[in-house]
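Q: Let me give you the structure first, and then I'll get to my questions.
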């Protein structure tokens, strides 16, 4: 064999070398026979294969890796049903701005003897859900297509990309001179001085400016710049659900979270503002408030221009690296003697008083306010909670104070059930020294509960809190709001303690409200995978959201 021949790699080997070149540490996967060449190449690589029990969970973990690190998370499936199981995770990453690459297998494309068995046009399927999707039809093109996919996944606004690697291309030997492309170190563009100065001028002329913090601000550099802006200008701030924790919510200028789109205490402050400085929010996340023609002015500060929407049409845009833009505003705008924040501080006092209500309520089943309070009491400042989607997500968004960025992981873009457990697993993998709790409803937990086996196999330190109402609770609340009869949303659950034990985890059931906090604390201290079931009394949904807020909001 010549030296040239010995240096030639097949497509799978070339693909894996290119992944290593991108700094990939993990691939989350449910492989099939079409992935076997790739699997063999991974066996001898530095990349750790994480075997999941469902492709959706593999995708959720890869997306959360991207969210927490800023680097592209990678997941792998086979063709057909394996690829279709990645669809929800693709939408989760795309709408949530999480850099993720999906790799799917395919039957041989040059010569196949299996007809159309399991064949779907996966590339076309992924097109509306991704920034980039391609089938690789020649091994020599693998490095270029992979580099382009990684570039687009990580480039603002981040999102999902997809590559299909057919079986025969994975085994095809590439040309000896096929080279791997180095990642780009290009920096994000900076906003123009003119747009920044205009923003400063608008802020100085406003009487009641207010800062809104969204998902795009949930990065360390932006967090530091925003703290500087709030401290230097004294302007109060509130957050969207996905902006929680960007600035420590114990800050005296924090007014609350816009968990609802309208009608909450924080909207009294929003309605009073004549200027909202929107940092990192876009219309993909559920609106924290609605703009009206002729109403308040809005400055859009983001990596990219605003998508104009009937409820969001900013009057001025500062487009460029958010951290640089916010730091510029912090340095140049300063405090203004004409600003009046007295009304905002009245709202803050009302919010703080409201959120302190019933946190020690001892009734059983446990009410949401007590659950949120007890979780906050046992979690250290840098502890991470990952929320699935359900009624409890609203309670945690409003009532749980976050002290640092990315310590509350929730999804308010796709808002998919089933993401809480895989997201928490990813956090526990990345940060084994931190305390991590997955907060799931019984419905959301059962959608990916099989990943308990994965968590136990990986020897994760993870607590899973299941908030159990034996129903799809948020939809029941909406059903009642609309005046419909209770119908079609109740179900039965397994014995969650036995279920946890069957997977090798440790199960706990709360039968007295006073046991919740010590059980959480002991589970976090013990290490390993613990599941805690707590029955919930959701009667507070109607009392607080449908009655109290209607009566009290803006009548301060």
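Q: For the ranges 411-420, 340-349, 481-490, 456-465, what's the packing order if you count other beta-carbon atoms within 10 Å of each residue, average per peptide, and put the highest first?
A: Values: 411-420: 24.0, 340-349: 16.8, 481-490: 10.2, 456-465: 21.6.
So the order, starting with the most tightly packed, is 411-420, 456-465, 340-349, 481-490.
Q: May I ask you to derive the FRET efficiency for residue 539 and residue 173 from their Cβ-Cβ distance with R0 = 60 Å, giving the value to the nearest 0.05?
A: Efficiency for this residue pair is about 0.35.
Q: Moving to a separate point now. Taking region 1-103 on its own, what percent of its Cα-Cα pair distances exceed 21 Å?
A: Values: 1788 of 5253 pairs.
Every Cα pair in region 1-103 considered, those over 21 Å come to 34 percent.
Q: Stick to Cα atoms and the Kirkwood definition of Rh, then tell me Rg/Rh for region 104-251. Can you show the working numbers first?
A: On the way: Rg = 23.5 Å, Rh = 19.8 Å.
That ratio is 1.19, to two decimals.
Q: Still on this model: Given Cα pairs under 8 Å that are at least 6 residues apart, what percent is the relative contact order of the chain? Don't jump to the answer; show the numbers that get you there.
A: Values: 1222 pairs, mean separation 69.4, N = 556.
So the answer I get is 12 percent.
Q: At what distance in nm do the modelled label points of residue 356 and residue 292 sit from each other, each positioned 7 Å from its Cα along Cα→Cβ?
A: In this crude spin-label approximation the distance works out to 3.3 nm.
Q: Can you tell me what percent of all Cα-Cα pairs in region 321-361 are more than 15 Å apart? Write out the running numbers ahead of the final one.
A: Details: 540 of 820 pairs.
The answer is 66 percent, as a whole percent.
Q: Translational diffusion coefficient of region 197-285 at 25 °C, 0.890 mPa s, Stokes-Einstein with Kirkwood Rh over Cα pairs, in µm²/s as a whole number. If you can, show how the numbers build up before the last one.
A: Values: Rh = 13.1 Å.
The estimated diffusion coefficient comes to 187 µm²/s.
Q: Let me ask you something else. How large, in Å, is region 118-180 by the Kirkwood hydrodynamic radius built from its alpha-carbon pairs? Please list the in-between numbers first.
A: Working: mean 1/r = 0.0793 Å⁻¹.
By the Kirkwood definition, the hydrodynamic radius is 12.6 Å.
Q: Here's a follow-up. Take every Cα pair under 8 Å in region 3-171 that's 6+ residues apart, average their separations, divide by the length, and report that relative contact order as a whole percent. It would help to have the intermediate numbers written out before the result.
A: Working: 368 pairs, mean separation 43.8, N = 169.
Answer for region 3-171 is 26 percent.
Q: Provide the FRET efficiency to the nearest 0.05 for the residue 484-residue 547 pair, computing r from the beta carbons and using R0 = 30 Å. Could the numbers behind the result be given before it?
A: Details: r = 18 Å, r/R0 = 0.61.
Once the sixth-power term is evaluated, E becomes 0.95.
Q: Which order do the peptides 470-476, 54-60, 288-294 come out in when sorted by mean C-beta neighbours inside 10 angstrom, highest first? Present the calculation step by step, with values, prior to reporting the outcome.
A: On the way: 470-476: 19.0, 54-60: 28.3, 288-294: 15.4.
The most tightly packed comes first, giving 54-60, 470-476, 288-294.
Q: Also, I was wondering about something else. Please give the Cα centre distance for region 520-542 versus region 25-59, rounded to the nearest Å.
A: About 32 Å separates the Cα centre of region 520-542 from the one of region 25-59.
Q: Using the C-alpha gyration tensor of region 258-402, what are the square roots of 5 times its eigenvalues, in whole angstrom, with the largest one first? Spell out each step's value before the answer.
A: Details: eigenvalues 198, 66, 58 Å².
In descending order, the three semi-axes are 31, 18, 17 Å.
Q: Right, next: Per the helix-only calculation at 222 nm, which mean residue ellipticity applies to the chain, given -39500 (n - 2.57) for every DSSP H run of n ≥ 4 and division by its residues, nearest 500 deg cm²/dmol?
A: Numbers: 23 runs with 210 residues, N = 556.
When only DSSP H runs of four or more count, the value is -10500 deg cm²/dmol.
Q: Separate question: Hey, what D do you get for region 361-517 in µm²/s if you plug the Kirkwood alpha-carbon radius into Stokes-Einstein at 20 °C and 1.002 mPa s?
A: Values: Rh = 16.2 Å.
D, rounded to a whole number, is 132 µm²/s.
Q: Roughly how far apart, in whole Å, are the Cα centres of region 387-445 and region 486-516?
A: Answer, in whole Å: 18.
Q: Taking 4 °C and 1.567 mPa s as the conditions, I'd like the Stokes-Einstein D for region 193-342 in µm²/s, using the Kirkwood hydrodynamic radius from alpha carbon pairs.
A: Answer, rounded: 87 µm²/s.
Q: Taking Cα pairs under 8 Å and at least six residues apart, what relative contact order does region 356-548 come out at, in percent? Could the numbers behind the result be given before it?
A: Details: 357 pairs, mean separation 48.4, N = 193.
Dividing the mean separation by the residue count of region 356-548 yields 25 percent.
Q: Give me the Kirkwood hydrodynamic radius of region 3-171 in Å, from all C-alpha pairs, to one decimal place? Working shown, then result.
A: Details: mean 1/r = 0.0647 Å⁻¹.
Evaluated on region 3-171, it is 15.5 Å.
Q: With a Förster radius of 56 Å, plug the Cβ-Cβ distance of residue 201 and residue 119 into 1/(1 + (r/R0)^6) and report the FRET value to the nearest 0.05.
A: Given R0 = 56 Å and the Cβ-Cβ separation, E is 0.40.
Since every read-out is calculated from the coordinates, none of them should be taken as a lab result. Everything numeric here is computed off the predicted structure, so don't read it as measured data. For neighbour counting, all protein chains shown are included, and Cβ atoms are generated from backbone atoms with ideal geometry for every residue, glycine included.
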